[in-house]
Amino acid sequence: MALVYLFLYLPIVVLIVFSFNNSKYSTGWKGFSLRWYGELLSDTQLLDAALNSLTVASLSATCATILGTLAAWALHRYDFKAKKLFQTGLFIVIMSPDIVMGVSLLMLFVAVQLEPGFVTLLLAHITFSLPFVAVTVASRLAGFDKHVVEAAQDLGADEYETFRHVILPMVMPAVLAGWLLSFTLSLDDVIISFFVTGPGYEILPLRIYSMVKLGVKPVVNALCAIMVAATVVVVFASQILLKEKK
Amino acid sequence: MTRPSFFKVAAIGGTAAWLAVFALLPFLLILVVSFLARDPSSFVAPSFSLEGYAGIGDGAFLRIFLDSLAWAATTAAACLLLGYPFAYGLARLRTKRKNLFLLLIIIPFWTNSLIRTYALVFILKAQGLLNTALLGLGLVDQPLEILYTDTAVLVGLIYTLLPFMILPLYSSIEKLDPRLLEAAKDLGAGRFRAFFAVSLPLTWPGILAGTMLTFLPALGMFYVADVLGGAKSLLIGNFIKNQFLTARDWPTGSGASVVLTGIMILLLLFYGGSGKGAPRKPEDIGA
């Protein structure tokens, strides 16, 4: 077991250690230094890309969470003809290969002559995050006592009020976890973003991708180290949210 | 229209419409384009053609395609061999730290896979950690050339996808009632017999889910081959990417995407037909 953890973490640890290395060439240890973090701060291109990433991630996570939560609730609460189809649809979006989703969205955007950039990126990210929110919230709803809804409606709440004042507060941890999930999915995506964004709107993973391909600058290490640290924080936060009230 | 039914219509309709426009429609577009002719000036010409698939029947593509399937299958198999004993051990842990150990598997799962791929460069490169260790131990005389070879791509794929195998395996092993194994032992089954007759069939959904979650992405992760690999068109993903962005041959790129989707559908059908149904709950796929 320890070997698997070693395999998974050794490269990341080495990367983080070398982000503090005071050497222009990342071979060999030349002493501890924060210079790459300093250089990162003055690299406006990278900072812009980071800001773009965070903007897209938070906006797409918010939209995907609203839509995904509604989808989960619709599936839990209502019976309708196309329910099976709808469920299968969500599942297929989760399973479909990223690259197929990327090129198909690229063609859609070209067909409707939507300039690749912020909007296309946002639409794509909402689409691939939505089903993940839906399944996260649905699994929380699955354990629900249906009598709660009946009680609310006996007390005069309509469908919207029941959802807003009874169900939503109860599933809130799952909704927040869904948001964090979409947020990280958006930050992590390489393949789909690669196809749907243009040179005018660069996001972090794609900036890293081109930097890695062009030749490694140690400033990339610092950036990657920060992103790993951010992921750790988000994962811990979402786990705490999901554990709550279990 | 009364308010309750309005909310119902909005909840179902809104999300269904979103998926129809941004998931179903684009896919139909790919399907249509794959049957159109190529046009250098505007990507596709509006006339029916099988060119998109002709390129696929062609020997060069067929090789990439079969190679790519072999790579993905090797990746999935390696992840299974590494992941099963690990997931088994994790699921059977009797300690308070279990959740922490589980969380440590989830973190790489959500860490940017491009960054994780890039981190491997530090280990695999000529003066990297692996070679330093091997030289230091006197196991090799000169640095092994691993980076920019097919081996590096394989290591990269296994490395990025391993958590996707472990999580579904873990959740299905966790559900396995240990009393069933005790019963098997009471009835005289040895460890191997108990494993093959009890554990394996009962954790089969996890094995299938994990295999799908590693096999399918392995076909498409073009950046792993780009960052770690030597050969350019190793995976179907690289091929599709090149058709769209370099060769500007949309029909062929679309044809390859349709084939890839076909593989996914076959796998899903196989999964659905294996008795347990498609994973409907997030735990089943480890999400």
Based on the Kirkwood radius over alpha-carbon pairs, what value in µm²/s does the Stokes-Einstein equation return for the translational diffusion coefficient of the range B:149-225 at 10 °C and 1.306 mPa s? 113
DSSP H segments from chain A that extend 27 Å or more along their own axis, Cα-based, with Kyte-Doolittle mean of -1.0 or above: A:44-77, A:118-142, A:168-188, A:218-243
Listed residue pairs exceeding 19 Å between alpha carbons, taken from B:K98/B:K185; A:K24/B:K125; A:K30/A:K213; A:K83/B:K8; A:K30/A:K217: B:K98/B:K185; A:K30/A:K213
Separation of the range A:121-186 and the range B:100-144 by C-alpha centroid, Å? 40
Over the range B:179-272, what lengths in whole Å, largest first, do the semi-axes of the equivalent ellipsoid take, defined as the square roots of 5 times the eigenvalues of the alpha-carbon gyration tensor? 42, 15, 7
What helices does chain B have that are whole DSSP H segments, at least 20 Å long along their own axis by Cα, and with mean Kyte-Doolittle hydropathy of 0.0 or more? B:3-19, B:59-91, B:150-175, B:204-220, B:250-273
Per the Kirkwood treatment, what hydrodynamic radius in Å, one decimal, follows for the protein assembly as shown from the mean inverse distance over all distinct Cα pairs? 24.6
Taking chain B as a Gaussian network, Cα atoms linked when under 10 Å apart, which of B:G89, B:G253, B:G210 shows the biggest mean-square fluctuation? B:G89
Over chain B, calculate the relative contact order: mean separation of alpha carbon pairs under 8 Å at least 6 apart, over the residue count, as a percent. 27
Sort all Cα-Cα distances of the range B:202-247 into consecutive 5 angstrom bins from zero, then give the percent of pairs in each bin up to the one containing the longest distance. 5, 22, 22, 18, 11, 9, 7, 4, 1, 0
Determine, from the Cβ-Cβ distance of A:L47 and A:V232 and an R0 of 30 Å, the FRET efficiency 1/(1 + (r/R0)^6), rounded to the nearest 0.05. 0.90
Computed over chain B, the distribution of all Cα-Cα distances in 5 Å bins, rounded to whole %, is 1, 5, 9, 11, 13, 13, 13, 11, 9, 7, 4, 2, 1, 0, 0, 0, 0
A:Y201 neighbourhood, Cβ < 15 Å, K/R = +1, D/E = -1, net charge -3
Using every alpha carbon pair in the range A:45-140, what percent of pairs falls into each 5 Å bin from 0 up to the bin containing the largest distance? 2, 12, 19, 20, 20, 14, 8, 3, 1, 0, 0
With contacts defined as alpha carbon pairs under 8 Å and 6 or more residues apart, what's the relative contact order of chain A in percent? 32
For the range B:1-125, Kirkwood radius (reciprocal of mean inverse C-alpha pair distance, Å): 20.7
With a 10 Å cut-off between alpha carbons and a GNM built on chain A, which of A:L105, A:L155, A:L46 moves the most? A:L155
Inter-chain shielding of A:10-18 (mean C-beta neighbours from other protein chains, 10 Å cut-off): 6
Compute a Gaussian network model of chain A, connecting alpha carbons closer than 10 Å, and tell me which residue from A:V100, A:V220, A:V14 fluctuates the most. A:V14
Given the convex hull over the Cα atoms of chain A, what projected area results after averaging over all orientations, in nm²? 17.1
Rounded to two decimals, the Debye log10 I(q)/I(0) of the range A:1-83 (Cα scatterers, no solvent) at q = 0.11 Å⁻¹ is -0.64
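No lab work stands behind these numbers, since they all come straight from the coordinates. Computed from a predicted structure; not experimentally measured. Neighbour counts run over all protein chains shown; Cβ positions are idealised from the backbone, glycine included.
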